[in-house]
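Encoded as structure tokens, the structure appears first; notes follow it.
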Amino acid sequence: MSKEISELNLPDDVKYTDDHEWARLEGENLKVGLTDYAQDQLGEIVFVEMPELGDTFEKKEEFGSLESVKAVSEMYMPVGGEIVSINEELSDAPELVNEDPYGKGWIIEVKPGDPAELDLLMNKDAYLEMLKGLE
Amino acid sequence: MKELVGTTGLIFNEPLLWEKGAKGRIGFSLPRRDVDPCPLDDELKGDGPDFPDLSEQDVVRHFTRLSQWNFGVDSGMYPLGSCTMKYNPKTNERQASLPGFAGAHPLLPAELSQGVLKIMFDLEQYLAEITGLPAVTLQPAAGSHGELTGMMIINAYHKAKGETRSKVLIPDTAHGTNPASAALCGFKSILVKSNDQGILSPETISEVMDEDTAGIMVTNPNTLGLFEENIKKVADIVHSKGGLVYGDGANMNAVMGIVNVKKLGVDVLHLNLHKTFSTPHGGGGPGSGPICVTEELERFLPVPRVIEKDGKYELSEDYPESIGKIHAFYGNFGVKLKAYSYILSMGANLKKVSQLAVLSANYIKESLKGVFHLPYDKPCMHECVFTDKNQEANKVSTLDIAKRLMEYGFHPPTIYFPLVVHGALMIEPTETESKEDIDHFIETMKAIADEAKKNPELLLEAPKISKVRRLDEIAAARKPCLCG
């Protein structure tokens, strides 16, 4: 059974997209993952389809997909850029996306083409407002 | 409410055959040897295969018990949305088992296979008549195989014009296999969102359709069970940019004999004989997914094709622009035979099939509306889609409703699909369920909604009386054991 909005973990140190990815600036690169809301809605993740290292995508372009028992769901780039690292651990332990979505469950690391694109994403409060609108 | 269909009784456990029997036990006796023993070449010697030693009775009980664990459309209502689990009339099986058909060999020459070839030829004509699309191949072995064949034809069409197009439009209410079929032909799928009415808007198509787009794949009625009312306009837009329209005919059961698919603007359509035309399915087949195309695309159809010459039938390979062969011999002939039997036995009543299928779905929709949340409150086609929204307050989800339904003796509907509806319950009763059975299903769904309020544990712990309870789907997906 899915979480109430008040039960969701929405940290302050990441930015949010309307497709339910988060992005966190770490040095010059961005770590990207799935929000607590998205992992909760999808249910138990059983497979993560990753992009190749060195692939480049535009903002909002699909970079991979997640498979849960219920469905397959695409993941979209929060900003345009190049894939510099992927979370290799997820191939053996996709459940990390459910268990620790903002930590060990991170998905890709991106070198942004235009770091200013990050400012266009939502902060916690704006994302929370959006989620309330979805109810 | 009537007595429950789902009830408890003796369910037999049954081990693997290798765990049964005893050394030396056999189920038959060989006749006495009447020739002299002859030594075998060394290279032919070795240990025999590891077969269990069993009597005939061991084997019969084994498979009888396994069959009792099954639930099929012969056991009860199977309202699995998008799958058209209609009853499979037994006359189809009878015709398919006639020795002249069952014993036919695909390598026999045409002059010894006239009856078989005539049936294939006639079936193509019937499917052309039913869809309005004049040229047909019966080769594809499944709906998804038909999709692939259709997309290969669309690809061949653009190639013949000297064009390379890289994209295909796919609505969010299309069948799940559509993007895969497009991808196998090297196309990139572009997701098109349906509007707030659950159907495609011509404006949305105008925005994304361009001259690098090979066409659109439309499932009509779509997976929300809604008729794409703008299909003609959508097709006109796609055609105006040089694209083609692929129609996924998996939901043909809603419009058979009512809609002329060609007039809707569809260029290629696949049919699922194992859905609309009552041949058995589930458990992986065999299926049959013929495709029907316009005159313009006929030259690309797979070879061989059945042709008629001076009253004789033969297989012809003489189609230089054909995409080639897509199945060994000519597809799953036994399945086609059953569909042929169905079409002939129904005759003019084929139209009534669709009318009753749509009536049954709307009857369920109207009867359960309010009890279960109905996201698109408008007339539906052959299936209706509810959600678990009304049950959320009791912490009961679609999965729990589906599991509880099993205890009442019904196969659950399709759940969590289409993806555009959160917590979807997609119900397709088909025309073959009687009013009493549909009423019983409706009463059961109401009783479950009531239980969700008063005693949600009943749902959360279901199923309790089935052979197995909830399986660990997560472990099966994450750590699959594929070695037996």
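The values are calculated or read from the model by the stated rules, or taken from the named source; none is laboratory data. Nothing here was measured: the structure is a model prediction, and the numbers come from that model. Glycine gets a Cβ as well: all are built from the backbone with ideal geometry, and neighbour counts include every protein chain shown.
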Only unsatisfied item for B:G76, checking (1) touching a Gly at 6+ places or on another chain (Cβ under 6 Å); (2) closer than 30 Å to B:P429 by Cβ; (3) not in a loop (DSSP other than H, G, I, E, B), is (3)
Looking across the stretch A:83-92 at residues that are exposed (fewer than 15 other Cβ atoms within 10 Å of the Cβ) and outside any strand (DSSP E or B), the single one that is nearest to the other protein chains (Cβ to nearest Cβ) is A:D92
Contact list please: Cβ distance under 6 Å, first residue in the stretch B:292-303 and farther than 21 Å from B:Y126 by Cβ and in the same structural domain as B:M151 (by TED's automatic domain parsing), second residue assigned to a helix (DSSP H, G or I) and at pLDDT 95 or above, pairs at least six apart or on different chains. B:F300/B:I153; B:F300/B:A156
Among the charged types (D, E, K, R), at negative phi, in contact with a helix residue (DSSP H, G or I) (Cβ under 6 Å, 6 or more places away or on another chain) and touching a residue at least 60 places away in the same chain (Cβ under 8 Å): is that true of B:K312 in this structure? no
Could you check B:T173 against (1) part of a loop (DSSP other than H, G, I, E, B); (2) modelled with pLDDT of 95 or more; (3) not hydrophobic (A, V, I, L, M, F, W, C) and say which number it fails? (2)
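Quick check on my filter: what residues within the stretch A:44-53 are surrounded by fewer than 17 Cβ atoms within 10 Å (Cβ to Cβ) and in contact (Cβ under 8 Å) with a residue 40 or more places away in the chain? Please lay out each step first, then the result.
So in the stretch A:44-53, the residues surrounded by fewer than 17 Cβ atoms within 10 Å (Cβ to Cβ) come out as A:47, A:49, A:52-53.
Answer for the stretch A:44-53, where residues must be surrounded by fewer than 17 Cβ atoms within 10 Å (Cβ to Cβ) and in contact (Cβ under 8 Å) with a residue 40 or more places away in the chain: just A:F47.
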Of all residues in the stretch B:425-438, count the ones that are buried (at least 23 other Cβ atoms within 10 Å of the Cβ) and either in contact with a Cys (Cβ under 8 Å, 6 or more places away or on another chain) or among the aliphatic types (A, V, I, L, M) (or both). 4
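Considering each of A:T56, A:T17 in turn, give the residue that is in contact (Cβ under 8 Å) with a residue 40 or more places away in the chain, over 17 Å from A:Y102 (Cα atoms) and among the β-branched types (V, I, T).
Values: A:T17 fails: over 17 Å from A:Y102 (Cα atoms).
On inspection, the qualifying residue turns out to be A:T56.
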Residue ranges of strands (runs of 3 or more DSSP E) in the stretch A:4-82 with at least 3 members β-branched (V, I, T) and within 13 Å of chain B (Cβ to nearest Cβ): A:45-49
Tabulated pairs, the stretch B:440-466, first more than 19 Å from B:K395 (Cα to Cα), second of a type in the set (A, V, I, L, M) and in a helix (DSSP H, G or I), C-beta under 8 angstrom, 6+ apart or interchain: B:F441/B:I364; B:I442/B:I364; B:I442/B:L368; B:T444/B:L405; B:S466/B:M406
List the number of the failed condition for B:H382; all other conditions in (1) free of Cβ contacts under 8 Å to residues at least 60 places away in the same chain; (2) of a type outside the set (D, E, K, R); (3) crowded, with 18+ Cβ neighbours inside 10 Å; (4) assigned to a loop (DSSP other than H, G, I, E, B) hold. (1)
Output yes when any residue across the stretch B:132-147 is part of a helix (DSSP H, G or I), more than 14 Å from B:G215 (Cβ to Cβ), touching a strand residue (DSSP E or B) at 6+ places or on another chain (Cβ under 6 Å) and at pLDDT 95 or above, and no when none is. yes
Among (1) more than 28 Å from B:S278 (Cα to Cα); (2) in contact with a helix residue (DSSP H, G or I) (Cβ under 8 Å, 6 or more places away or on another chain); (3) assigned by TED's automatic domain parsing to the domain that holds B:A110; (4) of a type outside the set (D, E), the one test that B:G324 misses: (2)
Leading residue by the ranking (farthest from the other protein chains (Cβ to nearest Cβ)) among those in the stretch B:391-427 that are among the polar types (S, T, N, Q) and out of contact with any Pro (no Cβ under 8 Å at 6 or more places or on another chain): B:T414
Taking into account only those residues within the stretch B:447-480 that are more than 14 Å from chain A (Cβ to nearest Cβ) and small (G, A, S), which is farthest from B:V5 (Cα to Cα)? B:A449
